[in-house]
1. Sorting S120, S8 by accessible area (1.4 Å probe), largest first, what list results?
2. Can you compute 3J(HN,Hα) from phi for each residue in region 57-74, using the Karplus curve 6.51 cos²θ - 1.76 cosθ + 1.60 with θ = phi - 60°, rounded to whole Hz and x for Gly and Pro?
3. Can you tell me the relative contact order of the chain? Whole percent, Cα pairs under 8 Å, sequence separation 6 or more.
4. First compute the accessible area of region 34-104 with a 1.4 Å probe, then give the percent of it belonging to carbon and sulfur atoms.
5. Between Q16 and D130, what's the calculated FRET efficiency when r is the beta-carbon distance and R0 is 25 Å? Round to 0.05.
6. Defining a contact as two alpha carbons under 8 Å apart and six or more residues distant in sequence, what relative contact order in percent does region 1-70 show?
7. Provide the per residue accessible area, probe 1.4 Å, for region 31-141, rounded to a whole number of square angstrom.
8. Accessible surface of E108 in the full protein assembly, 1.4 angstrom probe, to the nearest 10 Å²?
Amino acid sequence: MQQICYASTSTLDHVQLLQDVRDILKEARDFNALHNISGILYYADQHYFQCLEGGEEVLELLMSKLLKDPRHKDIKVFEVKTINAAHFRAWGMKYVQRMSSVHTKMREMGFATFEPQIMSQQQIDQLLQDLYDAQSDESLG
């Protein structure tokens, strides 16, 4: 099983964004359920951070599709990792909007806003840990 995370910038204005996030989540949840993929989508400050977990071939297919999606730009793919078990297995695709713990962590790392494209792999790993911990918080998206 592999884990692929990437960051990107939304190309949409705020009004379009709300509907497109709904569309993205519906598409993702349907596709992921059919292909045994789990993951999380985090959005704040015009930036997306998504982490996907599943089989190598289907993740490659999905990433090739995501890289062509006009709803985002400035895509940065982080280190692809081999994992023993899915961290987000309970979520076909969990959507999380701006979390105060992530915002606080970003400020501790020296970022004024959520800017995942310029984060190091170590900083991404710290962000992932916050998102893993968020699984126990039932109030999330």
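The values are calculated or read from the model by the stated rules, or taken from the named source; none is laboratory data. These figures come from a predicted structure and were not determined experimentally. For neighbour counting, all protein chains shown are included, and Cβ atoms are generated from backbone atoms with ideal geometry for every residue, glycine included. In case anyone asks, the SASA skips ligands and DNA or RNA and just uses the protein heavy atoms, side chains included. Shrake-Rupley method; radii C 1.70, N 1.55, O 1.52, S 1.80 Å.
1. The most accessible residue leads, giving S120, S8.
2. Values per residue, Gly and Pro as x: 5, 6, 5, 4, 4, 5, 5, 5, 5, 5, 5, 9, 6, x, 7, 8, 8, 6 Hz.
3. 35 percent
4. 51 percent
5. Between Q16 and D130 the formula returns 0.35.
6. After rounding, I find 45 percent.
7. 54 Å²
8. 140 Å²
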